[in-house]
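Remarks on the structure that follows.
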Amino acid sequence: MFTPTIEWINGRIRLIDQTLLPNEFKQIYCDEVSEIWQAIKTLKVRGAPAIGIAAAFGTVLGIWHSTADNYADFEIELKNITDYLSTSRPTAVNLFWALKRMVKVAQENQSLTVPELKERLLTESLEIMSEDQQMSRSIGKYGAGLIENGDNILTHCNAGGLATSDYGTALAVMFSAHEMGKQIHVYADETRPLLQGARLTTWELMRAGIDVTLICDSVAGQVMKEGYIQRVVVGADRIAANGDTANKIGTYLKALAAKDNNVPFYVALPSSTIDWNIKNYKDIPIEERNSEELSHIEGLDDNGQVKKIQIYPQKSKSMNLAFDITPAKYVTALITEKGICKATTKGLEDLFNK
Ligand code: MRU
């Protein structure tokens, strides 16, 4: 049931093109590093952990045809490739985490020949993916312990299998609770402007047989006020060492509404999403995307063809911030592969033995 979001198949990267879902399920191949850069940039592959895995495989694609015959030349090429991939998107730290890990493994294996180094980098990228699969399942198991039978859970954006290698973070909690036999119902925020909640989260939950209701973003506060929601569970793109959380734009408002209505607000994340180098949110770069994503909407016309239409007056100004910060004080707890902790520096450091 959990289709791999991204795979390495005979020297090629295969991705589910997430821009086409739910109207079309299509797997595409990337053969060049520029194609994977473009796929990340345009959100064909998206979600913090999936971006990290894609960047690791992209590094292998880029270095595979290297003609270097010594380590120094090989490292220069490798760094050029990882620097290039690091420009694809700025907020999800998993991208930089995976790229640094690829460079480090090469540096630690300088005694290998260039063909051996290439194989070693491929092994590392496959390990990054397999660790992600294990972390997702562990997050699901820990998080499901917080879910009670009959809960209505609100989620924002898509932190499901599509945002990771196959099982998700926030949605892993729901998949796991459902697999344990707990009755749950999920409210999915549509997540303007790119509708990851409407297009991807509802699609994934329905495939898993989980009851889901789509709401538009601005409804979330009201359903909390009316007492419909027992818990909010979201993913993250980057968590500072103190638990401040960057996630899809709109998450902060959900956290405020949750606080005001005494609804627990959980953030589910693998450790690859923690940026230990930054003390708090101030150093988290927030991506600003093309305002056409805001000013135009896409749909299918009567012939089933994708059609884009403009929904605002021409020349009107717009601003398209892709992420926001939820201060740690609004996060009830963090759900990680190592267990559950407070969203504080101490909580994170104790759990990860830092
Ligand atoms: O712009 P996107 O679709 O890449 O944003 C994704 C999110 O904000 C997710 O909530 C986050 O990456 C967590 S994924 C497990």
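Remarks
- Taking GluC sites (Glu not before Pro) across region 1-107, the ones in a DSSP loop with at most 12 further Cβ atoms lying within 10 angstrom of their Cβ are 24.
- Between the amide H of residue 214 and those of 188, distances stay under 5 Å, these residues lying 5 or more places away or on another chain, with hydrogens modeled in the peptide plane.
- Once the Cα-Cα distance is subtracted from the 0.36 nm per residue extended length, the residue 109 to residue 76 segment shows a gain of 10.4 nm.
- Under the Karplus curve 6.51 cos²θ - 1.76 cosθ + 1.60, θ = phi - 60°, whole-Hz ³J(HN,Hα) for region 243-251, x wherever Gly or Pro sits: x, 4, 10, 8, 8, 3, 3, x, 5
- Listed cross-link partners 141/354; 41/308; 41/346 are compared with a 25 Å cut-off, the Cα-Cα value being larger for 41/346.
- Between residue 206 and residue 297, the modelled label-to-label distance comes to 1.7 nm, taking each label 7 Å out from Cα in the direction of the beta carbon.
- Unit charges at the beta carbon, dipole of the chain: most positive-side option, 68, 203, 263: 263
- Rounded to 0.05, the FRET efficiency of the residue 345 and residue 312 pair, given R0 = 30 Å and the Cβ-Cβ distance, is 0.10.
- Surface share of carbon and sulfur [accessible, 1.4 angstrom probe, percent] for the chain: 49 percent
- In order along region 340-354, phi translates into HN-Hα couplings of 10, 9, 5, 7, 9, 4, 5, x, 5, 5, 5, 5, 9, 6, 8 Hz, rounded to whole numbers, per the Karplus curve 6.51 cos²θ - 1.76 cosθ + 1.60 with θ = phi - 60° and x for Gly and Pro.
- Probe 1.4 Å, protein heavy atoms only - accessible area per residue of the chain in square angstrom: 44 Å²
- Extended-chain gain in nm, criterion 0.36 nm per residue less alpha-carbon gap, residue 9 and residue 179: 58.2 nm
- Among the chymotrypsin sites (Phe, Trp or Tyr not before Pro) found in region 19-92, those both in a DSSP coil and sparsely packed, with 15 or fewer other Cβ atoms within 10 Å of their Cβ, are 25.
- Sequence-distant contacts, meaning Cα pairs under 8 Å at least 6 residues apart, place the relative contact order of region 224-309 at 31 percent.
- Proximal aspartates and glutamates relative to residue 342, as straight alpha-carbon distance under 17 Å, when same-chain residues fewer than 8 apart are discounted: 244, 275, 350
The values are calculated or read from the model by the stated rules, or taken from the named source; none is laboratory data. Small disclaimer: the values here were computed from a predicted structure and weren't measured. In this analysis, Cβ positions are derived from the backbone assuming ideal geometry, glycine residues included, and neighbour counts consider all displayed protein chains. Note: areas computed on protein heavy atoms with side chains; ligands, DNA, RNA excluded. Shrake-Rupley method; radii C 1.70, N 1.55, O 1.52, S 1.80 Å.
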